[in-house]
Amino acid sequence: VGFAGPTLKPKRCSGVVDISKKLLLQSSFSVESYIIEQINIAYGNAVTLAALNGAGGDAPTGLYTTITTNINTTAGALTLATAVALESLVDAADGTGVNRAYLSDTKVKAGTKTTFIDAGSGVRLSNENVMNGYPMISTTLMPTLDTGASHPIIFGDWNQLTVGYWGAVSIIVDPYTQAASGKVRLIIEGYSDVAITNEKAFAINKVVTV
């Protein structure tokens, strides 16, 4: 039996930051460790954004575009029915269930904590980071659509999303370009890509509002 998995190709992610020499000269804490930590956070955020809504081409192709089979178009505030509809789409497409979870932005998740599933039970849509039995994860890195009016939510098996890296993030130190301004320029670059093994393992609603 032949099996073809996702193809990963290195995409360059780069950035430039100028660091004040005054900061570099102080000794109250490890500046080098702090700067490296911030660079790693920024690079990780860039990869996450690409995994969610990368435009393709020179950038990875994100889930917003890759999910074409399981799309729910129920607009409005998130309800239990809308959430279950996403689960049903994945089930109907024989999506895998190794590591299923919901992912939304923080505003959608906040709404689930105050939304009741019906008029009489007193049960909220999410509780203790769980919605309908699955983890409910949120991040400010979830891009909104329609000039911020729409807040996509994704349900799926996150084991089906692969992030590949080619080597470590590199930092080139340029002490000359901004020397007259008392700064050291850092040029950061790394190579990575995102691939979805099985897009049918994910479902998306792009028209949820808050």
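The values are calculated or read from the model by the stated rules, or taken from the named source; none is laboratory data. Keep in mind that this is a model prediction, so the values were computed, not measured. Here Cβ is always computed from backbone atoms with ideal geometry, including for glycine, and neighbour counts include all displayed protein chains. With ligands, DNA and RNA removed, areas are computed over all heavy atoms of the protein, side chains included. Shrake-Rupley method; radii C 1.70, N 1.55, O 1.52, S 1.80 Å.
Values for this structure:
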| quantity | calculated |
| --- | --- |
| With every protein chain in place, the range 83-136: carbon and sulfur % of accessible area (1.4 Å) | 50 percent |
| Relative contact order [Cα under 8 Å, 6+ residues apart], the range 1-89, whole percent | 18 percent |
| Pairs of alpha carbons in the range 6-123 whose separation is greater than 22 Å (percent) | 59 percent |
| Candidates SER138, SER88, SER33: whichever shows maximal mean-square fluctuation once the chain is modelled as a Gaussian network with Cα springs under 10 Å | SER33 |
| Solvent exposure of the range 100-202 as accessible area per residue, Å², 1.4 Å probe | 50 Å² |
| Residues in the range 139-163 that a label on THR106 would reach, taking backbone N under 16 Å of a point 7 Å out along Cα→Cβ | 139-144 |
| Kyte-Doolittle mean at least -0.5 and Cα axial length at least 30 Å: DSSP H helices in the chain | 31-53 |
| The chain - percent relative contact order, Cα under 8 Å, separation 6 or more | 34 percent |
| Highest-MSF residue in the chain out of GLY190, GLY156, GLY167 [GNM, Cα springs under 10 Å] | GLY167 |
| Listed values (i) 1.03; (ii) 1.08; (iii) 0.98, entry calculated as Rg/Rh (Cα atoms, Kirkwood Rh) | (ii) |
| Sequence-distant lysines (8 or more away, or on other chains) whose Cα lies within less than 22 Å of LYS200 | LYS9 |
| Positive minus negative residues near ASP157 (Lys, Arg vs Asp, Glu; Cβ under 15 Å) | -2 |
| Hits among aspartates and glutamates - C-alpha to C-alpha of LYS11 under 20 Å, sequence gap 8 or more where chains match | ASP58, GLU189, ASP193 |
| Neighbour net charge for LYS113 - beta-carbon separation under 15 angstrom, K R +1, D E -1 | +1 |
| Added length on full extension, which subtracts the Cα-Cα distance from 0.36 nm per residue, TYR34 to SER88 | 15.0 nm |
| For the range 120-210: relative contact order, % (alpha-carbon pairs under 8 angstrom, 6 or more apart) | 32 percent |
| Whole-Å distance, taken between Cα centres, linking the range 70-95 and the range 180-206 | 27 Å |
